[in-house]
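Report on the structure given below.
The values are calculated or read from the model by the stated rules, or taken from the named source; none is laboratory data. Computed from a prediction, not measured in an experiment: that's the story for all the values here. Using ideal geometry, Cβ is built from the backbone for each residue, glycine included, and neighbour counts are taken over all protein chains shown. Ligands, DNA and RNA are excluded from the accessible area calculation, which covers all protein heavy atoms including side chains. Shrake-Rupley method; radii C 1.70, N 1.55, O 1.52, S 1.80 Å.
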Amino acid sequence: MQHVECLLCPRHCRIPEGGRGDCRVRANVDGKLFSLVYGKPCAVHVDPIEKKPFFHVLPTSTSFSIATAGCNLHCKGCQNWTISQRPPEETDNLDLPPEAVVREALRAGCRSIAYTYSDPVIFYEYTFDTSVLARQAGLLNLLHTAGYIEKAPLADLCPELHAANVDIKGMTDDFYHRMSRGTLQPVLDCVLALKKAGIWVEITNLVVPTWNDRDEDIRALARWVRTYAGKDVPVHFSRFWPMHELTNLPPTPEDTLARARKIAMAEGLQYVYIGNIQSGNGNNTYCPDDGQLLIARDGYEVTENHLVDGKCERCGTAIPGIWK
Amino acid sequence: METKLDELQTRPAGENAGLDRRDFLKLCAVATSGLFLNKVSGWLNLLAGQKPPLKEARFYRRADHLAG
């Protein structure tokens, strides 16, 4: 019986013949490892790019968003648990090979393809092959990932990517172990590798009541981002809704999200947003130099845009992002 | 052309709007039928015992069954 060791993510699953990795979607067949979800998305949607969330990439455009079943983390409060914590036999899957993804994205008028919802790490080969074709077709490739990936596969994927949103769920190994059965450092390494590769990065932190909503949790995240990733990296504090194994908790209070935003901005982060909620100022982009309202958003809808060639129309400060 | 114009003039008010609604519904039907046919072809393949080929993963290696 020939085992295989998967090297895609830090779990390094050792998989016996007939078995699968922890992610549920990579299987050992006759001593070779196969993806069970290549070309088989269970979620396909055309979404506003702001929903991904990307607030500094092609505002008001739409993104052709795909995901397969499975995930290599097991977050107790996963907001997409109905697909991430399922094997592909239990999801309703389409037959959509990479070339069809690109064709449908172009037909829908999308300017990007987003590999999202569950985690593109576990449908790596599908993400990779699709992103090669998408780039050739003039589409942007957007990754939304929990960042739990080994260095080598990430390095291979980076040349195809334009932007990535990485979930930094907490700032301790203990949190990652209890919440997600994972560890922290690979996620931080992922953020730094993406930055080094010149990919536009935004960060999302799902604020879960009683788990990671203390001032010190928010401060630790903000300080790390400012110190190692950069004060101009947008951070989205996202509202948790009771799901999966955390239905005993309430949704994140709006005050908590407002407090998180205030703390992060006090730590020097320039672009801090509140997500999964319509929150007025927390959805807007302001010039870090003169405070001018640059982009007003009502939820995912852009209602005002005062950027001119990616700069504040009043003072001319360049605002980082991919604006066209 | 004259006949066509006569036909249009004899139609009750709102008929053209109804034609536009029918055309819209046809377009919706074409769009959804593509997805439906995709599912049907998948079912037919299953019935025929055909499994689509699996994609070999990247980034793995053969391993001994003993850990450590």
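Each other residue within a Cβ distance under 12 Å of A:GLY39 adds +1 if Lys or Arg and -1 if Asp or Glu, for a net charge of -2.
Annotation: amide H-H contacts under 5 Å for A:SER61 (H modelled 1.01 Å from N, sequence separation of 5 or more, or interchain): A:ILE49. Accessible surface area normalised per residue over the range A:37-312 is 38 Å², counting heavy atoms of protein chains with a 1.4 Å rolling probe. Spacing of the modelled spin labels on A:LEU192 and A:VAL132, each 7 Å from Cα toward Cβ, amounts to 3.0 nm.
Look at the Cα gyration tensor of the protein assembly as shown: its axes a ≥ b ≥ c give a/c of at least 1.5 with a/b at or below b/c, and that counts as oblate.
Per atom type, the protein assembly as shown shows carbon and sulfur on 54% of its accessible surface, probed at 1.4 Å. Placing A:ASP174, A:ASP129 in order of accessible area, with the largest value first and a 1.4 Å probe, yields A:ASP174, A:ASP129.
Taking a point 7 Å from the Cα of A:CYS315 along the Cα-to-Cβ direction, the residues of the range A:235-273 with backbone N closer than 14 Å to it are A:270-271. Per-residue 3J(HN,Hα) values for the range A:209-219, derived from phi via the Karplus relation 6.51 cos²θ - 1.76 cosθ + 1.60 with θ = phi - 60°, read x, 6, 9, 9, 9, 6, 3, 5, 5, 5, 4 Hz in sequence order (x marks Gly and Pro). Interface of A with B. Using a 1.4 Å probe and counting protein heavy atoms only, the two chains hide about 2200 Å² of accessible surface, both sides summed. Taking every residue in A:27-39 and counting other chain Cβ atoms within 10 Å of its Cβ, the average works out to 4. Mean residue ellipticity at 222 nm from the helices of the protein assembly as shown, using -39,500 (n - 2.57) per DSSP H segment of n ≥ 4 over the full residue count, to the nearest 500 deg cm²/dmol? Helices in the protein assembly as shown give a 222 nm mean residue ellipticity of -9500 deg cm²/dmol. Indicate the gyration tensor shape class of the range A:31-112 (rounded, prolate or oblate), computed on the Cα atoms with a ≥ b ≥ c the square roots of the eigenvalues: a/c under 1.5 is rounded; otherwise a/b larger than b/c is prolate and the rest oblate. It comes out oblate by the Cα gyration axes. Note down the net charge around A:ASN305, summing +1 for each Lys or Arg and -1 for each Asp or Glu among other residues with Cβ under 14 Å from its Cβ. Value of the local net charge: -2. Within chain A, what is the number of lysine pairs with alpha carbons under 13 Å apart, leaving out pairs fewer than eight places apart on the same chain? Going through chain A pair by pair, I get 4. Pairs of alpha-carbon atoms within less than 8 angstrom and 6+ residues apart define the contacts here; what relative contact order does chain A have, in percent? Rounded, it is 14 percent for chain A.
Computed from the C-beta positions of A:CYS158 and B:ARG22, the FRET efficiency with R₀ = 35 Å rounds to 0.10. Let me make sure I get this right: for the range A:155-307, a, b and c are the square roots of the gyration tensor eigenvalues over alpha carbons, sorted descending. Under 1.5 in a/c it's rounded, otherwise prolate if a/b > b/c, else oblate. Which is it? Here the range A:155-307 falls in the oblate category.
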